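A short write-up of the structure that comes next.
The values are calculated or read from the model by the stated rules, or taken from the named source; none is laboratory data. All values derive from a computational prediction rather than experimental measurement. No Cβ is skipped: glycine too gets one built from the backbone with ideal geometry, and neighbour counts run over all protein chains shown. Just the protein is used for accessible areas: all its heavy atoms, side chains included, with ligands, DNA and RNA removed. Shrake-Rupley method; radii C 1.70, N 1.55, O 1.52, S 1.80 Å.
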Amino acid sequence: MPNRSSFQRGRLAWRAGALWVAIGASATALRGQCPGGTPPPCAAPRVAARAAAPPIDDRTWIVVPFDNASHGAETEWLRDASVNLLYLDLSRWQDIHVVDDKRVADFMREVPGASAAQRLSLNDGLAVAKRAGAGRLVMGDVLKVGSRTMVTATVFDVRRGARVRSAREETAVQDSLMALFGKLARGILAVAPPAGANVGVIGTSSVDAYQEYLAGTQALNRFEVVAAKRHLARALELDTGFALAHYKLAVASVYDESNAAMRVAHMNVSDTLAMMKIIMSFQALDAASVARVVDDPERLAHATAAARLSVDLPVRERALITGLLAHAKKDYARACAIYDGLVRADSSDVEALYGLGECLFQDEAVENVGGDTTQVRFRSSWNSALRVMRRIVRVDPSFHLTFDEVVSILTAPNRIGCRRTEPAAPCNPVVGPGRYRAVVRPDGDSLLVVPVPSESRALLRDQAEGERTRARVRNLEEARAEAEAWVAAAPREMRAHRALSWVLLRQGRLDEADAELLEATKEPELQRVSDPELAYMRLNLLLKRSRSREFTRLVDSVGLEWRGGLARGAISAFSAMTGRLGWYTAFADTLLGGALKLPPLMVRQGKEAAPITLGVGGDSAAAAEGQLVAGFFPGPCGSFCAAALRAGIRFGLRLPRARWPALDSTGPCLCEAPARALARGDTAGLRVAARALDSASRAVARVGATEDGTSAIAADALLLLGDSLAALNAVRRMMDTTLVVTPFETILPGGGLQVAGFLWPRGMLLRAELAAALGEKEEARVWYGRFVELWVGADPQFQPIVERARAALQRLGGSR
């Protein structure tokens, strides 16, 4: 099983850092409608169909749980252990195929009555074998009399239902029980062990360690990660050299999303800075630096230990361990080759299929097409990853995590790539030489994912084409169908409801998203604020649904829980959205002045980016801009100067400046055109820029794209031209359409300390003021009320703004 990449998995809580890594540069719709908003009749959600039973293969063997004939508690563990131990021993023979113990558990669940039966009948066993396509069935019993334990196994021909042979072994020594199954395997097959095979060696001689391993494996097969890790850790306490326990612990960490999220979110300042440098390409970093801040050191340690200790394990298990280690080291090509070999040997091997799908998904490498340096492609295919993941559900409908991966691919707006210089070299997901980006667009029943240089006009072309064809909307619809299928298949599984809630949130279907999130957090342990992923989703939903008091309370609760690292920076940005910038400025001082060691004037300018984007930048913001220009850019304000002033240039058009910096006449983004026109005193140019931005804002809303700040800049430009109605319409589009589908932590173009969440209070206040000026009293009353409720506890310097809004609300007949 592979590691989930912190960069590729957009829904993991490393989004906590996305708010700061840019520093430096009910589940039904309204009554009478279907969930998609269409009139009845409603289509049923997509549910993965169970795969038909394969043809019976006489070379395929399956072992079902043995009967505990003595009914003693001390031998009950051997019921399930019999499957695992005989599988490990029988699978050493290369001329037969043995169904692994996880798949046996899956098949047992699929056969009515088989999983609940205390004693399997022959008919039950044959039904399980036929479901697996196995031609040979092994059944047996365990009997303990006094100090002696006897194990009997019988082989049946599944086609005829006839007994083939039996084998019996016994021991009076408890720690010999596991080795006993190696002898039993030889009797079952009636052959000598294969040359060089150490039959009966499973990696431990401790029964206690093996029992903990078995309990951990069973919990992991149910995706109960906390319990699995506890049992497996205990197994290693009892036997530190137990290879399979190391392997399963490494696998368990793959599924421990909460632990991964917290590890990234609570990085210390130095590791936070290292993460920022990786993402923003401030400097070249080697693989060790990347591993320190991104990887789970425990997973890598367990995978390494498993590989070192796996010499006596069967071929399949050794290959799975080797594939996991390659994936943990980000050698995706080698990992894919290993997993592909396993899949070719057994196309129903779920663990190998999942490993193959994950490495195809996470491999960022870009390579030339046929030696042509002008044409590039991704080394791996997301379409192939989708096919593999969907095959897993057909093979094993209970393996629900594959839905999660499919949803991840379909909700990704872009695929990031780079030219790798070594297998584990870091791949920068933003900009720089050798960096590529592909807009993910639907193309029939597949995806079109063509890499282009990150800073090329070709990327802008592909993004425009994606908007024109509503690529994001169509992919989200497909993702919602997959998530609904997951919920239908596992209605009590938290991950399924969380995934569906995330997709619905991205679609702007807030009531449905809220209902699904409620389902996802019904279990008490999932209601804690320490899980960044769930907290982010709650915060997005609360404010977007105008539940400002609850939003503020959750911000405060999470702020007490998240005291360091990226999580502290993230929650400080959420706190800033309520008009309280204390945490924000403290974290900015730590990073800008302490870690990055920027000059004081640049630190001050960086801290002013938040109030500017929030729409409350005043004299202090204008003064900081003027002092920075005078101190560092006394001449024309070129590209570096414009980057340092980016927040003011884009979101501070109405700052009380004495004069504009001497900006160049042209810039890389239409969003800066109004500022450049104002710097030239060019009213005609301002009018052209405002109209172009307003048109772009309408286009973004029309195709369901996310807000990138265009609407807010257009509204300011139109307001400066005196066109209050057009400005109000731009703000309405932003608040009612584009911001609704934009996650708060989305970084606005150009980076800096600008995130989409800051546009919410800005839009609330501006919409209220414009609506009041144009006589739209009810609209003004609603939005003044929402702003006052959100900023009631704002910092003292913002209280005059809050009081003016409260007074305007009272004049309109409202109260807060």
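In the full protein context, the stretch 713-816 carries 35 Å² of accessible surface per residue, based on a 1.4 Å probe and ignoring ligands, DNA and RNA.
Using a cut-off of 22 Å between Cα atoms, the listed pairs Lys330/Lys597; Lys248/Lys330; Lys144/Lys183; Lys102/Lys130; Lys102/Lys522; Lys102/Lys229 include Lys330/Lys597; Lys102/Lys522 as exceeding that distance. Can you work out the base-10 log of I(q)/I(0) for the stretch 676-816 at q = 0.18, 0.22 1/Å, using the Debye formula on its C-alpha atoms alone? Scattering profile of the stretch 676-816, log10 relative to I(0): -1.08, -1.32. Judged by the mean number of other Cβ atoms found within 10 Å, the most tightly packed of the peptides 708-721, 81-94 leads the ranking 708-721, 81-94. The packing ranking of peptides 364-377, 669-682, highest mean first, is 669-682, 364-377, where packing means the average number of other beta carbon atoms within 10 angstrom of each residue. Normalise the Debye intensity by I(0) for the stretch 348-392, one equal point scatterer per Cα, no solvent, then take log10 at q = 0.23, 0.31, 0.33 Å⁻¹ and round to two decimals. Rounded to two decimals, the profile gives -0.72, -1.00, -1.07. Here the accessible area of the stretch 596-683 is 57 percent carbon and sulfur, with a 1.4 angstrom probe and all protein chains present. Summing +1 for each Lys or Arg and -1 for each Asp or Glu among the other residues whose beta-carbon sits under 11 angstrom from that of Arg59 gives -2. Add +1 for every Lys or Arg and -1 for every Asp or Glu among the other residues with Cβ under 12 Å from the Cβ of Arg163, and state the total. Summing Lys and Arg as +1 and Asp and Glu as -1 gives +2.
Calculate the FRET efficiency for Ser176 and Leu518 from the Cβ-Cβ distance with a Förster distance of 56 Å, rounded to the nearest 0.05. Calculated transfer efficiency: 0.60. Among 320-331, 379-390, 577-588, the peptide with the highest mean count of other Cβ atoms within 10 Å heads the list, and the full ranking is 320-331, 577-588, 379-390.
Roll a 1.4 angstrom probe over the protein heavy atoms and tell me the percent of accessible area of the stretch 718-783 that is carbon or sulfur. For the stretch 718-783, the apolar C and S fraction of the accessible surface comes to 54 percent.
Leaving ligands and nucleic acids out of the surface, order Ser815, Ser697, Ser398 by accessible area at 1.4 Å, largest first.
My answer, sorted largest first, is Ser815, Ser398, Ser697.
Once you list every other residue whose beta carbon is under 12 Å from the beta carbon of Gln94, what net charge do they have if Lys and Arg are +1 and Asp and Glu are -1? Once all neighbours under 12 Å are counted, the net charge is +2.
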